[in-house]
Every structure is written in structure tokens, then in C-alpha cells.
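The values are calculated or read from the model by the stated rules, or taken from the named source; none is laboratory data. Quantities reported herein were computed from a predicted structural model and do not represent experimental measurements. Positions of Cβ are backbone-derived with ideal geometry, glycine not excepted, and every protein chain shown enters the neighbour counts.
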Amino acid sequence: MRRIAITAIAIARTAAADPPLDHVVTAPTAWLPADGTAYGSASLDHRGETAIDLGYALGGLAEVELGADHDVRACEPSCTPILEERAAFRLGAHQDAWFAGMPAIALGVRATIGTPARRVGEAYLVASRVLAFARVHAGVEAIDAGDGASRPGVVVRPLAALELVPPQYPKTTVVGDIAWLARFGGAPGTEWIAGWGVRYQALRWGSIELDVRHREGEGLAQSTVMVRVNGVWAR
Amino acid sequence: MKRRHASQIAIVIAGALALIPAARGQGTPGDPYPQPDAGSASGSGSAAPPAPPPPEVAPPPEVAPPPAPSPPPASSPAPSPAPAPKPPAKPDPKIDMPVVLSAPTGWLLPAAVIYSRTGLDTGGGVVSDNRVGLGDVAEFGVSTLDQIRDKEDASSAADRIQPYIAATFRMGVAESRLFDAQPGLVLGFRKSFERDDSGFKSQIAELTLVASKHLGSRAAVHFGAAFWDASLQGEAIDTSLHDRSAHALSDQIRPFGGVELRPFERSVILVDWSYAPEFCYQCTATKDQIRLVPELAWGVRYQVADWMYLESGVRVPEIQNAKLLDAEIFGRVIFTTWALRHAVDRLK
């Protein structure tokens, strides 16, 4: 028991500076980039759907993002992705900021830019912690989707993610997550999306990842394979 | 032998006299703006320091002119010193902002300091707020508001009326001016120009009294009350918030407030609560034609430079309904400048 406790403390104390990326595959992390850091990511999947995300860290405790993606779908009954332009704001605290062993926490809000008929507002609270070679993320997300006058209201869903950095391959990260997204078609609702893949830190400032995503109600054959590149530029 | 000794003493005294103006030109430690010294022959100087200056202030070897190949005779004038380097600009004091995110603060801009805030949000809102401090006791500004909303009927979604231009005048007393622990107190008045939108004319006015207090160096709180008025005219509507047949006096009074936390020197977390008028053009109940709706905002202000700040955050209108769908992410840039103040000071 004592050995377990000592190991747990040792693991908790291995946490270094927060890794910079604010997402795993779909789920957000609580990592906040250092003061003045800018980052960007762009992805392309085998169906030709794209996503781009640009962010800037404010004062080491917040981050503002602008982006566009095809994550949300409209199913009537066949599903088609919807291009959604979004902005996000995250406010949080780094690991160990308030006490030793504290996970990083972040409160984020994402909103659709403009006033299109189909809009999504999301708020999430997520905690992240480096535990030895693993990074664990868990949180809850409130999703409010509206399609014209149809507004079913806020739905709360969990989110979880895991990143593993094998000690033998420090530039490689195995990633996996589950999160919920809004889905249109009829009354707006939500659907789960699970993702897994590998990220390779090819450059000091850049990484590339190959991910697979599965959605609720889809067979394995409809899974999406995507490539994403990430860049982080510290001031 | 005696004459040679006297000559050496005279050379040393002459050298020391030559060093005095150069040493004065170095200024007082920590005082980048040396005060003019009337008694100084060179015209540059500094106020006498209360304590003996540390040795690094004016080390004679650093400021002394290069040794002449042959020392001048004692009766000859001292060599003129090298021109003193220009003192570094004195940093301007920090400015306590007149607005949290939406709610006004009990802090006024310093005299002749200009403040400009421009922002965008995801709902298409544009805000521009430009102010100038007047004599450390007042402030004048002109702004475009992004908080005034309208909607067709009670069930429809509210939309912004833009641009909505208003002028602001605020006057008050700085923090701790009258007595220790006195909060900053500001009485403000904001009035819009008449705005014609979809055939309806509207106008707003707001009288605020707000108190702001620093709690240590890393926190501050703001609390105030606003007395609102608004009018709406068009088609069959002619109503105002001060129309007692439609609204009670309490419909015009609303509290507001905010909190500032500074975890890092250049970063401030801001949270505020405020109200803004909302007009309803097709509402049949007169009481619903003009309403004050609450708004919650939170965000961060980051000081990029002494004169520039970036502000970003989230604003949720109609927070009482918890409509996450209407949440807006905003980004703003704030510029402040003491240039006018310095120009005025130079004229004095």
C-alpha cells in the first residue's frame, strides 16, 4: 500500500509544463498554451472534409480560437456534414497551479460565428493531468443546438480522452477519446463520436497525426480516416 | 617643491570641478526625469537625493573626459563635459479601466489620457468606445453600443440594433482620495442618439452610480446601480420606461457589478453582470415592449504593451434563460495613450 502511495506521488510529481494542444481527437483538453503562444491545426479526411483551427494564448490563463470544421452533421435521413465557422474562448489553470497534484482545468465556450439557421453553442469543463507517460482528460459538456425556431435546449454529456507517450518513443503519442456533438435533422440532438490515432512530433513546433473516427449510428465501414497537422509557435 | 605640490592640488581641484556638472547630469537613481537645477551652470541636473547616492550613480571614471595629454594650468577654465545621455522615458502609471467588460467601473481615466476600445463578436456585434479623462475628476466619451437588442415578438430571437451611438459623461472621486479605504466613486450618464430601425424609433439613457475598490494588488470589485430610461415609437407604439402606466419605478432600477482578479502581472480575469434594454416591436403588452435583460460576461484582459491590451471572453445575453446558443465570443483591442497628457504638461 505504501509502495502504491509513493508511486502515485512520484507519478503526480512528474507533471511538467502543460502540453500545448487543446484537443485530443475531438475532445478538448484543459491544456492552456503559454503566454503569447499561437497555434494552428488543419485536417483533411478521406471524404474530403476539412477543418482548420487557429488559436492564441492570452496571458497564460486563457485562449481564443477561430476555426471552421465539418464535425456537425445533418441527418435527413442520410447524413451530410455541415460547415460550421466557430469561435471559442477558454479560461483555466495549469497543472499544480493551486496545489500539488492539481489537474489542469479549463472552462471553454464555443459558439457559431454569425446567425445561421443551424447554430451550436457549447460549454465544457474539462480536467487534464499528466500521469507518468499518460495524459488523462475528463469532463462534461453542455450542448445547445438550434435549427431555426427549433431549440430543444441544453443537453449535458460527458467527455473523456487518453493520450499515451511510450517512453521508448517520446515523439509519438497514441490518442483516443469520446465526446458528443450536436446533430441536426428533425429536432436537433446529439451523437457520440469516438476517435483514436497516433500523433508524431515531427518537428519541435509541429506534429502530424493520423486518426480514425467512429460515429453513433454508423457501421465500421463508415468510419472516417483523417490526417491532421498541428503547429505551435511560442513567442 | 612646495610650488609643485600646490600645482598638483590645483589640478586635482580643477578636475573635480569639471566633473561636477557631468555627475549632476547622471540624475538621481530611479528618477529618470531629473529636475532642472537653477544653480547648475550646465542647465541640467536633478533634485538633491535625500540619501547619499550609491557609488554607481556617478562614478567619476565613467563620466570624466578622457585625460588630456598635458594637464591645463590651474587658472584655465575646466574642459566642458561630454553631453549627458538622454534620460530614459519615465514609464506612465497603470490605468484603471473605466469598464470591466460591459459594466462601468468606479475608476476614471487620468486627466488627458485617451482610451479607445474596439471589438467584434461572433454575433456580428461591433463596439467602439472612445474616451478622454478630464482633470482627474471626469471623463467624456462617445461609443457605439452592441448591447441594445430588438425582436419582432415575444417568441422570436432578439437581434442587435447597430450602430447605436451614445455619448457618456462620468464624474467622480478617485479611490482613497477622501479617506483611506474609500472606494472610487463615479456618477455616470450615458445617452444615445435616436435610432430608427425597421420603422421604429428608439432611444436609451442610463444614470449610474458605481463604487470600485482594489482588494490588495491582485483583486478588485465593482458594484453599482443604474437608473434606466428608454423610449420606443413607431406604428401603434409610443411607450417609454418612465411611463408609469406601463412600468413601475423598480423596472428602471437595476444593479450591476464585476470582479477583477490578477493572477499574473499582465493578465486580468474579468467577470461582470449588467443589464441592457431590449425592444419588442410586435409585443402587445406595453410592459414587454421595453425590457431590461441581464447579461453575464467573463473574459481575460492581457496587456500586450504599456499602451495596448487584448481582451477576449464570453458574453451570455438573457442569462436568466441560460441560452447557451446565444453566447457570444468577443475579441477586443484597447489602446490607451498619455501623449495628450504629456503634450499638456509640456505646455505648462
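Odds and ends about this structure:
- Unique residue being closer than 28 Å to residue B:344 by Cβ and basic (Lys, Arg) when the list is B:160, B:195, B:177: B:177
- Residues satisfying the stated conditions in segment A:49-75, i.e. under 26 Å from residue A:146 (Cα atoms) and either of a type in the set (A, V, I, L, M, F, W, C) or assigned to a loop (DSSP other than H, G, I, E, B) (or both): A:49, A:51, A:52, A:54, A:64, A:66, A:68, A:70, A:71, A:72, A:74, A:75
- Residues of segment B:268-293 satisfying the condition of being within 14 Å of chain A (Cβ to nearest Cβ) and surrounded by fewer than 19 Cβ atoms within 10 Å (Cβ to Cβ): B:271
- Enumeration of residues in segment B:120-144 that are part of a strand (DSSP E or B), away from chain A (no Cβ under 12 Å) and either in contact (Cβ under 8 Å) with a residue 60 or more places away in the chain or more than 28 Å from residue A:88 (Cα to Cα) (or both): B:127, B:131, B:132, B:133, B:134, B:138, B:139, B:140, B:141, B:142
- Inside segment A:84-123, residues that are over 18 Å from the mean Cα position of the chain (by Cα) and away from chain B (no Cβ under 12 Å) make up a count of 5.
- Within segment B:281-290, none of the residues are under 19 Å from residue B:107 (Cα atoms) and charged (D, E, K, R).
- Tally, over segment A:109-119, of residues that are crowded, with 23+ Cβ neighbours inside 10 Å and either outside any strand (DSSP E or B) or not small (Gly, Ala, Ser) (or both): 4
- Which listed residue, of B:268, B:293, is in contact (Cβ under 8 Å) with a residue 24 or more places away in the chain, in a strand (DSSP E or B), assigned by TED's automatic domain parsing to the domain that holds residue B:242 and over 20 Å from the mean Cα position of the chain (by Cα): B:293
- In segment A:165-188, residue nearest to the chain's Cα centre (by Cα) [restricted to those that are part of a strand (DSSP E or B) and surrounded by fewer than 17 Cβ atoms within 10 Å (Cβ to Cβ)]: A:174
- If you go through segment B:315-336 and keep only what is more than 10 Å from chain A (Cβ to nearest Cβ) and at pLDDT 95 or above, you end up with B:332, B:333, B:334, B:335, B:336.
- Being under 26 Å from residue B:267 (Cβ atoms), more than 14 Å from chain B (Cβ to nearest Cβ), among the hydrophobic types (A, V, I, L, M, F, W, C) and surrounded by 21 or more Cβ atoms within 10 Å (Cβ to Cβ) is a property that residue A:130 has.
- Verdict on residue B:299 being part of a strand (DSSP E or B), within 11 Å of another protein chain (Cβ to nearest Cβ), within 25 Å of the chain's Cα centre (by Cα) and crowded, with 20+ Cβ neighbours inside 10 Å: yes
- Only one of the numbered conditions (1) more than 14 Å from every other protein chain (Cβ to nearest Cβ); (2) surrounded by fewer than 20 Cβ atoms within 10 Å (Cβ to Cβ); (3) farther than 23 Å from residue B:329 by Cβ is violated by residue B:155, and that is (1).
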